[in-house]
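*Asks:* One structure, pasted below without further comment.
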Amino acid sequence: MRVHARFFAAYRELTGASGAEVDLPEGATVADLIDTLRERGPSFGALPPRPAVAVNLEYAPPETGLRDGDEVAFIPPVAGG
């Protein structure tokens, strides 16, 4: 199956990409997606092991199962003042 990873703000700068298409085996989870991305090289390897993500616009924990065509947004931490 193929999912669409989207990177925002600091994660876009870190990875050098606004998004990536990722092929995963059936039954893969958000955690599997994160591991797969982190293996792509130094820029993706700098992603935290458990970033905040949203699957199809809803926040999701790492054990969330993915389906073909899902959009997974990587949401960096924000600071305010």
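*Asks:* Ignoring any ligand, DNA or RNA, what whole percent of the accessible area of the chain comes from carbon and sulfur when the probe is 1.4 angstrom? Working shown, then result.
*Replies:* On the way: 2510 of 4720 Å².
Within the chain, the accessible surface is 53 percent carbon and sulfur.
*Asks:* What accessible area per residue comes out for the chain, rounded to a whole number of Å², with a 1.4 Å probe? Present the calculation step by step, with values, prior to reporting the outcome.
*Replies:* On the way: 4720 Å² over 81 residues.
So the chain comes to 58 Å² accessible per residue, rounded to a whole number.
*Asks:* What does the C-alpha gyration tensor say about the overall shape of segment 1-65? Classify as rounded when a/c is under 1.5, otherwise prolate if a/b is larger than b/c, or oblate.
*Replies:* Here segment 1-65 falls in the prolate category.
*Asks:* Rounded to the nearest 0.05, what FRET efficiency do Glu26 and Glu58 give with R0 = 25 Å and r taken as the Cβ-Cβ distance? Could you check?
*Replies:* On the way: r = 21 Å, r/R0 = 0.84.
The pair Glu26/Glu58 has a calculated efficiency of 0.75.
*Asks:* Can you compute the helix-only [θ] at 222 nm over the chain? Use -39500 (n - 2.57) per DSSP H run of at least 4 residues, normalise by all residues, nearest 500 deg cm²/dmol. Don't jump to the answer; show the numbers that get you there.
*Replies:* Numbers: 3 runs with 19 residues, N = 81.
Only helices count here, giving -5500 deg cm²/dmol.
*Asks:* Can I ask one more? Roughly what would the spin-label model give for Glu71 and Ala10, points 7 Å off Cα along C-beta, in nm?
*Replies:* 2.4
*Asks:* Which value, in Å² and to the nearest 10, is the accessible area of Asp70 when all protein chains are kept and the probe is 1.4 Å?
*Replies:* 10
*Asks:* Right, next: Please compute the Kirkwood hydrodynamic radius over segment 31-74, one decimal place, Å, based on all pairs of different Cα atoms. Let's see the in-between values first.
*Replies:* Details: mean 1/r = 0.0924 Å⁻¹.
About 10.8 Å for segment 31-74.
The values are calculated or read from the model by the stated rules, or taken from the named source; none is laboratory data. Fair warning: this is a prediction, and the values are worked out from it, not measured in the lab. Heads up, the Cβs are rebuilt from the backbone with ideal geometry, glycines too, and the neighbour counts pull from every protein chain shown. Side chains are part of the model used for accessible areas, which takes the heavy atoms of the whole protein and leaves out ligands, DNA and RNA. Shrake-Rupley method; radii C 1.70, N 1.55, O 1.52, S 1.80 Å.
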